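**Student:** Before I ask anything, let me first share the structure, which is written out below as structure tokens.
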Amino acid sequence: MEVNYPKVKSSADQRVFVEFYQNKKRYRLFNGSKINVEIHPNSYPIGRRIEIGNQLASEVYHLLTKGISIEMFKTSLDIKPNMNDIDYIKLALKKKLKENYSEKYKSMLRFCYRCLLKENTTQTISQKHIKNIIAKYTAGVSQNTIKRHLSVLVNEAKSIGMISDPMLNIKTKKTNAKLHKPYQNIAKILQEINQFNPNLYLCCIMTYGCLLRPHREIRELTWSDFSDDLKYIHLSGSRNKSGRNRIVPVPTYIRELLVKGEPHHNIFSGKPKPLNQDYFKTLWSRFKKQSNVLEQGQTLYSFRHSGAIEIFKRTGSITKLQKAMGHSSINVSLTYLRGLEIAELKEEDMPMV
């Protein structure tokens, strides 16, 4: 799209301004504050104001040709003229770190940002730079993980104003689907876990019975998340992966294990602060080494898969399963039913409520 060069004009009182149109809207800038540049023509003697106004017009034209809108500048004081790709990525990271994501997710974004800095010496990010970063990993899953997080930063940077798209035509590597193998004998494995560690036992039985995710949703639970009678768990959208508010029933066999503490205390630590984010991951690794009944492919998340299969067996409803799991899509819920070994299971084959 053709961009017209801004005009430098002077008002009746000899105040100089830059006039231009963007998205069919007329703008008049008397200084550079709205585009975060320190250019103030009217602070100069009258004889120099047009000269300085032309400098302001040049900065405005640069933004217009890059497709950056004035509205973007109104929402972020960090956006400045003449930003390069690395500047945009840095700002994109800053914005993402302010949002309500898990620390693990934020850590991966920081890592990918450092990879871009290390790979790039020109301040311009190309497809070659992206491919070089991804190629450092041999496993398809690792490559896709890095690509996914790089895409988050690039897409955010593009929404801010970055013109280039270094992720264009970089495809996700096809990998073999990995399924957390469900448990055939829940009672037996839970008994062994209970003898190993009571906290891990409570986490596992809640992953199975409440269908919550162990490493964040369960680990961060406080007593205030429960109803007074402990029959329900209330999680806000900021506390779970789906981003939706969830109300989860607590089965009797789990309620019998709970001894309610102070409202804002974590149910595992007994303090306001939860246990560290790798707590259950570490416990599970230790349990796995000494377990006599654990099978290959069975993980902490296998309890959630096993619970999903049990719900479907009981209700025959994929819609109820989706709501219980907190999934945004029925297709996501269908992946949990692969443990039923039903061939060619499709959404249209499933019974509806």
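**Student:** Roughly what would the spin-label model give for Asn185 and Lys7, points 7 Å off Cα along C-beta, in nm?
**Tutor:** 8.6 nm
**Student:** Given R₀ = 30 Å, what would the calculated FRET efficiency be for Lys281 paired with Glu310, taking r from the Cβ atoms and rounding to 0.05?
**Tutor:** Numbers: r = 24 Å, r/R0 = 0.81.
After rounding to 0.05, the efficiency reads 0.80.
**Student:** Run the numbers for Thr124 and Phe30: contour at 0.36 nm per residue of separation, minus the present Cα-Cα distance, in nm. It would help to have the intermediate numbers written out before the result.
**Tutor:** On the way: separation 94, 0.36 × 94 = 33.84 nm, distance 3.20 nm.
Value of the extension gain: 30.6 nm.
**Student:** How far apart, in nanometres, would the label points at Glu103 and Lys171 be if each is projected 7 angstrom from Cα along the Cα-to-Cβ direction?
**Tutor:** The modelled label-to-label distance comes out at 3.9 nm.
**Student:** In terms of modelled amide H atoms, which long-range or inter-chain residues lie less than 5 Å from the amide H of Asn266?
**Tutor:** Lys271, Lys273
**Student:** Shifting gears a bit: Quick one: net charge around Pro41, please, counting Lys, Arg +1 and Asp, Glu -1 for every other residue with C-beta under 10 Å from its C-beta.
**Tutor:** On the way: positive: Arg15, Arg48, Arg49; negative: Glu51.
For residues surrounding Pro41, the net value is +2.
**Student:** Of Lys171/Lys273; Lys90/Lys289; Lys66/Lys104; Lys281/Lys320, which sit over 31 Å apart, Cα to Cα? Can you show the working numbers first?
**Tutor:** On the way: Lys171/Lys273 41 Å; Lys90/Lys289 42 Å; Lys66/Lys104 34 Å; Lys281/Lys320 29 Å.
Listed pairs above 31 Å: Lys171/Lys273; Lys90/Lys289; Lys66/Lys104.
**Student:** Longest span of the chain, sites excluded, free of GluC sites (Glu not before Pro) in DSSP loop with at most 12 other C-beta atoms within 10 Å? Working shown, then result.
**Tutor:** Values: sites that count: Glu2, Glu38, Glu99, Glu256, Glu295, Glu341, Glu344.
Looking at the chain, 100-255 is the longest stretch - no exposed GluC sites (Glu not before Pro) with at most 12 other Cβ atoms within 10 Å.
**Student:** Please report how far the C-alpha centroid of the range 249-292 lies from that of the range 111-142, rounded to the nearest whole angstrom.
**Tutor:** 38 Å
**Student:** Counting only C-alpha contacts under 8 Å and six or more residues apart, can you give the relative contact order of the range 186-349 as a whole percent? All intermediate terms of the calculation are to be shown ahead of the outcome.
**Tutor:** Values: 192 pairs, mean separation 38.0, N = 164.
It rounds to 23 percent for the range 186-349.
**Student:** Once the dipole of the chain is set up with Lys and Arg at +1 and Asp and Glu at -1 on Cβ about the Cα centre, which of Gly53, Ser33, Tyr21 lies farthest towards its positive end?
**Tutor:** Among Gly53, Ser33, Tyr21, the one farthest towards the positive end of the dipole of the chain is Gly53.
**Student:** Taking the chain as a Gaussian network, Cα atoms linked when under 10 Å apart, which of Leu221, Leu56, Leu168 shows the biggest mean-square fluctuation?
**Tutor:** Among Leu221, Leu56, Leu168, the largest GNM mean-square fluctuation belongs to Leu168.
**Student:** Relative contact order for the range 7-75 using alpha-carbon pairs under 8 Å, separation at least 6, rounded to a whole percent?
**Tutor:** On the way: 90 pairs, mean separation 18.9, N = 69.
Over the range 7-75, the number comes to 27 percent.
**Student:** When only C-alpha pairs under 8 Å and at least 6 residues apart count, what is the relative contact order of the chain, in percent? Please list the in-between numbers first.
**Tutor:** Details: 447 pairs, mean separation 39.8, N = 353.
RCO, the chain: 11 percent.
**Student:** Using the basic label-point model (7 angstrom from Cα toward the beta carbon), what is the Thr65 to Lys95 distance in nanometres?
**Tutor:** Taking the two extended label points, one gets 2.4 nm.
**Student:** How large is the dipole of the chain about the Cα centre if only Lys and Arg carry +1 and Asp and Glu carry -1, each at its Cβ, rounded to the nearest 20 debye? Working shown, then result.
**Tutor:** Numbers: 58 positive and 31 negative charges, 108 e Å.
With only Lys, Arg, Asp and Glu charged at Cβ, the dipole is about 520 debye.
**Student:** Something else now. Starting from the eigenvalues of the Cα gyration tensor, five times each then square-rooted, give me the equivalent ellipsoid semi-axes of the range 7-75, largest first, whole Å. Walk me through the intermediate numbers first.
**Tutor:** Working: eigenvalues 87, 29, 20 Å².
Whole-Å semi-axes of the equivalent ellipsoid: 21, 12, 10.
**Student:** Another question about this same structure. Out of these labelled values of Rg and Dmax of the Cα atoms in Å, (1) 19.6, 59; (2) 27.7, 89; (3) 42.2, 111, which was calculated from the coordinates shown here?
**Tutor:** Entry (2).
Since every read-out is calculated from the coordinates, none of them should be taken as a lab result. Quick caveat: nothing in here was measured; it's all calculated off a predicted structure. Because the Cβ atoms are built from the backbone with ideal geometry, glycine has one as well, and the counts that use them run over all protein chains shown.
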